[in-house]
Amino acid sequence: MDIAEKIAGEITLSEKPGKTIRKWRETFHLSQGMLADCLKISPSVISDYESGRRASPNTASVKKIVEAMIKLDEGRGSNIIKQYSTKLSNAIFDIREFTSGIPAKNFVESIKGRVVASKDYLDRKIHGYTVMDSLKAIMSLSSSDYLKIYGWSTERALVFTGVKYGRSPMVAVRAHPLKPGMVVYQKPEKVDGLAVKLAEVEKIPLVVSPLSLNKMIEELRKL
């Protein structure tokens, strides 16, 4: 998973993008002037974004800002990139954004899925997916790290591997303010009744796939 994509996704999904930009700028140990110089803009533009005086940047602007942070860090040995990439790469197997939304039913068919909850909510479109190790994602990722699994859109499928009963992933989804368009369990031993109930309450289709991890990723990449 590309670190730039993770950061851009967090900024884009944030309720206060300016504050999130500031958080990441400070994480990379950059002054407003350093970032502005790299972008060839006035430092006041960065200041206005961060303070909320200027309207939230569009997707293209967010991409440029994040790429500038990455470029500056690479020039100093990529220390911050390495720090954040390691934690997330241990939990995430694959992440992708679709160029256009995929009908949820088509997504389910591609992974030979069986819908076990919220079958009436398959009229939505899925705009991306994230495949992750359920235990590592739940146990090792902080709330801000967890936000990054949503990439560019919450209208995505969160695919959990290494699932025994599926209770913990749905509890984590229930507790987080952002909700995915679908939750998929890859070859679970069993699906706990509470997981089904939580998916019904949240109106999130819960899908079980019998495919192996490699086969699932192979099929998803065809979409």
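First select every other residue whose beta carbon is under 12 angstrom from the beta carbon of Lys187; then total the charges, Lys and Arg +1, Asp and Glu -1.
On the way: positive: Lys112, Arg114, Lys164, Lys190, Lys215; negative: Glu189.
With Lys, Arg at +1 and Asp, Glu at -1, the neighbours total +4.
At a Förster radius of 45 Å, what calculated FRET efficiency corresponds to the Cβ-Cβ distance of Glu67 and Lys215, to the nearest 0.05? Each step should come with its number before you reach the end.
Working: r = 34 Å, r/R0 = 0.75.
Result of the calculation: an efficiency of 0.85.
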Answer in debye to the nearest 20: the dipole magnitude of the chain about its Cα centre, from +1 Lys/Arg and -1 Asp/Glu charges placed on Cβ, is 200
Excluding residues fewer than 8 positions from Lys105 in its own chain, the aspartates and glutamates with Cα under 15 Å of it are Asp120, Asp123, Glu155, Glu219
Residues whose modelled amide H sits under 5 Å from the amide H of Lys187, counting only those 5 or more places away in sequence or on another chain, are Ser209, Leu211
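What order, most packed first, do the peptides 194-206, 17-29 have when packing is the mean number of other Cβ atoms within 10 Å of each residue? Present the calculation step by step, with values, prior to reporting the outcome.
Details: 194-206: 19.5, 17-29: 18.0.
Peptide ranking by packing, descending: 194-206, 17-29.
Excluding Ala117 itself, what net charge comes from residues whose Cβ is under 12 Å from its Cβ, given Lys and Arg +1 and Asp and Glu -1? Display every interim value, and only then the final one.
Working: positive: Arg114, Lys119, Lys197, Lys203; negative: Asp120, Asp192, Glu200, Glu202.
It works out to a net charge of 0.
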Karplus ³J(HN,Hα) for segment 151-166 (6.51 cos²θ - 1.76 cosθ + 1.60, θ = phi - 60°; Hz, whole; x = Gly/Pro) runs x, 9, 8, 6, 7, 9, 9, 9, 9, 9, 9, x, 8, 8, 10, x
The set of residues whose placed amide H lies less than 5 Å from the amide H of Val159, leaving out same-chain residues fewer than 5 positions away, is Thr130, Val131, Met132, Val184
In order over segment 47-56: 3J(HN,Hα) from phi, Karplus 6.51/-1.76/1.60, θ = phi - 60°, whole Hz, x for each Gly or Pro, gives 4, 5, 4, 5, 8, x, 6, 10, 4, 3
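Local charge sum around Val201 (other residues, Cβ-Cβ under 13 Å, Lys/Arg +1, Asp/Glu -1)?
Working: positive: Arg174, Lys179, Lys197, Lys203; negative: Glu200, Glu202.
So the environment of Val201 carries a net charge of +2.
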Set Lys23/Lys164; Lys19/Lys187; Lys119/Lys222; Lys125/Lys187; Lys148/Lys222, cut-off 32 Å on Cα-Cα distance; pairs above it are Lys23/Lys164; Lys19/Lys187
Once phi for every residue in segment 169-179 is put through the Karplus expression 6.51 cos²θ - 1.76 cosθ + 1.60 (θ = phi - 60°), the whole-Hz ³J(HN,Hα) values, with Gly and Pro written as x, are x, 6, 5, 5, 5, 4, 6, 7, x, 8, 10
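None of the figures in this text is laboratory data; all of them are computed from the coordinates on show. All values derive from a computational prediction rather than experimental measurement. Quick reminder, even Gly has a Cβ in these numbers, built from the backbone with ideal geometry, and neighbours come from all protein chains shown.
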